[in-house]
1. Residues in the stretch 77-90 that are open to solvent by less than 80 Å² (accessible area, probe 1.4 Å) and assigned to a helix (DSSP H, G or I): how many?
2. Tell me which residues, restricted to the stretch 6-50, are in contact (Cβ under 8 Å) with a residue 24 or more places away in the chain, part of a helix (DSSP H, G or I) and open to solvent by 60 Å² or more (accessible area, probe 1.4 Å).
3. Test each condition in (1) part of a loop (DSSP other than H, G, I, E, B); (2) open to solvent by 80 Å² or more (accessible area, probe 1.4 Å); (3) at pLDDT 85 or above for T74 and report the one that comes out false.
4. What about S25, is it at pLDDT below 90 and more than 17 Å from the chain's Cα centre (by Cα)?
Amino acid sequence: MLGGSSFESVNQCLAHRGRHVVIASIEARVSFSLVDFYHREARLIGVDTLKLSFSESAGVLREIVSLVNAGVLTPPELDSIAIEQGPRAYQSVLEGSAGPKQVIRF
């Protein structure tokens, strides 16, 4: 479910006929080895949640959660950030210095 700078490394992890689902990306353009991609017979699936209703988006997320709970998908390492640290965390993302995915606690 990754775009941006992680796109190629995620593609390299795909199994034969694996699927790479993208639901969000900070960067509009990515690059990857097309030869590796088609030799794996991989699939790239884009989900534009902006075109879905809240309940439809919730359905997509429920499917993702069931895959995580079944061990099919492994969530990335997360860094939990207090809301007060939100501006600084956002700045580190913009500068490219952020570490793991950041989740802001309210």
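The values are calculated or read from the model by the stated rules, or taken from the named source; none is laboratory data. Model, not experiment: these values are computed from the prediction. Reconstructed Cβ throughout: ideal geometry from the backbone, glycine too, with neighbour counts over all protein chains shown. All accessible areas refer to the heavy atoms of the entire protein, side chains included, with ligands and DNA or RNA removed. Shrake-Rupley method; radii C 1.70, N 1.55, O 1.52, S 1.80 Å.
1. Summing the residues that are open to solvent by less than 80 Å² (accessible area, probe 1.4 Å) and assigned to a helix (DSSP H, G or I) in the stretch 77-90 gives 4.
2. E8, Q12, D36
3. Just one mismatch for T74, condition (3).
4. On the way: at pLDDT below 90: yes; more than 17 Å from the chain's Cα centre (by Cα): no.
Spelling it out, it is not the case that S25 is at pLDDT below 90 and more than 17 Å from the chain's Cα centre (by Cα).
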